[in-house]
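Enquirer: I have a structure here, written as structure tokens, and I will follow up with some questions on it.
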Amino acid sequence: GEEVAQTPKHLVRGEGQKAKLYCAPIKGHSYVFWYQQVLKNEFKFLISFQNENVFDETGMPKERFSAKCLPNSPCSLEIQATKLEDSAVYFCASSQTNYGYTFGSGTRLTVV
Amino acid sequence: KNEVEQSPQNLTAQEGEFITINCSYSVGISALHWLQQHPGGGIVSLFMLSSGKKKHGRLIATINIQEKHSSLHITASHPRDSAVYICAVRPSYSGGGADGLTFGKGTHLIIQP
């Protein structure tokens, strides 16, 4: 399809619980990105993939965050033992090198 | 460290006015994106630029690589253009298409009827 599909749209977790977010990139796009938007307009890059390989994970707090993009499955971002500060909107995007990004509609994670 | 500065942070204008939003960045880039985020939260990619100028409908984006500066213009602005406009850059220091973007803090535009 021509959209990046993110699920769920909203997720509420108690502090310390696990959260798992999913992203189906556009078919044929080789690159997948995860971004975290906190407050209104503060975007933070988390991780990128080239096909199923991690390309850059410098933005990931690795002690609790992990991500995968396996063949024939949606990509996933998992947060173990969520903290209040993880509350944010998590955006997935996909692209081919010379074309613009397409963003998903985001997953709003609320940790209570 | 790559920094992306946008101005103005907030802009309120009357319907029909010509709008300009500016973006400056501090390192060499391979591409610059202009994004639009509506109050509902969805992000739309408006332009990806590496040089020159692009036009789509009433929107025009320009970039000056030497000056590390880009502008987004909206002609004949309309209340439906009200949104946050975000500049984001892909640095050129590493190769490949999987480099993460660095974002500006956005410009909150309100067009009043």
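Bear in mind these aren't lab numbers, they're just calculated from the coordinates by the rules spelled out. None of the values given here were measured: they were computed from a predicted structure. Please note: Cβ atoms are built from the backbone with ideal geometry, for glycine as well, and neighbour counts cover all protein chains shown.
Enquirer: Need one value for A:31-44: mean number of C-beta atoms belonging to other chains within 10 Å of its residues' C-beta atoms.
Expert: Whole-number average of other-chain Cβ neighbours for A:31-44 is 4.
Enquirer: Could you work out the mean count of beta carbons from other protein chains within 10 Å of each residue's beta carbon in B:40-53?
Expert: Mean shielding by partner chains, rounded to a whole number: 3.
Enquirer: Between residue A:110 and residue A:80, what FRET efficiency comes out of the Förster formula 1/(1 + (r/R0)^6) with R0 = 22 Å and r the beta carbon distance, rounded to 0.05?
Expert: 0.80
Enquirer: Using alpha-carbon pairs under 8 Å, 6+ residues apart, how would you state the relative contact order of chain A in percent?
Expert: 38
Enquirer: Which three semi-axes in whole Å describe the equivalent ellipsoid of the protein assembly as shown, each the square root of 5 times a Cα gyration tensor eigenvalue, listed largest first?
Expert: 29, 20, 16
Enquirer: Let me check I have the definition right: for the stretch B:3-72, take the eigenvalues of the Cα gyration tensor, multiply each by 5, take square roots. What are those semi-axes in whole Å, largest first?
Expert: Calculated on Cα positions only, the semi-axes equal 21, 14, 14 Å.
Enquirer: Could you name the aspartates and glutamates whose alpha carbon sits less than 17 Å from that of residue B:68, not counting residues in the same chain fewer than 8 places away?
Expert: Filter leaves B:3, B:5.
Enquirer: May I ask you to list the residues of the stretch B:47-70 whose amide nitrogen lies under 18 Å from a point 7 Å from Cα along the Cα→beta-carbon direction of residue A:96?
Expert: It comes to B:47-50, nothing else.
Enquirer: Which lysines have a Cα less than 20 Å from the Cα of residue A:20, not counting those fewer than 8 places away in the same chain?
Expert: Filter leaves A:9, A:44, A:62, A:68, A:83.
Enquirer: Checking a compactness column here: for the stretch A:1-64, what do you get for Rg(Cα) / (2.2 N^0.38 Å), N being the number of residues?
Expert: Cα-based Rg divided by the globular estimate yields 1.24.
Enquirer: Continuing with the same structure: Hey, fewest Cβ within 10 Å first, where do B:89, A:38 land in order?
Expert: Fewest-to-most Cβ neighbours within 10 Å comes out as A:38, B:89.
Enquirer: Further question on the same structure: Between beta-carbons, use under 14 Å as the cut-off and find the net charge around residue A:3, counting Lys and Arg +1, Asp and Glu -1.
Expert: Here the count lands on +1.
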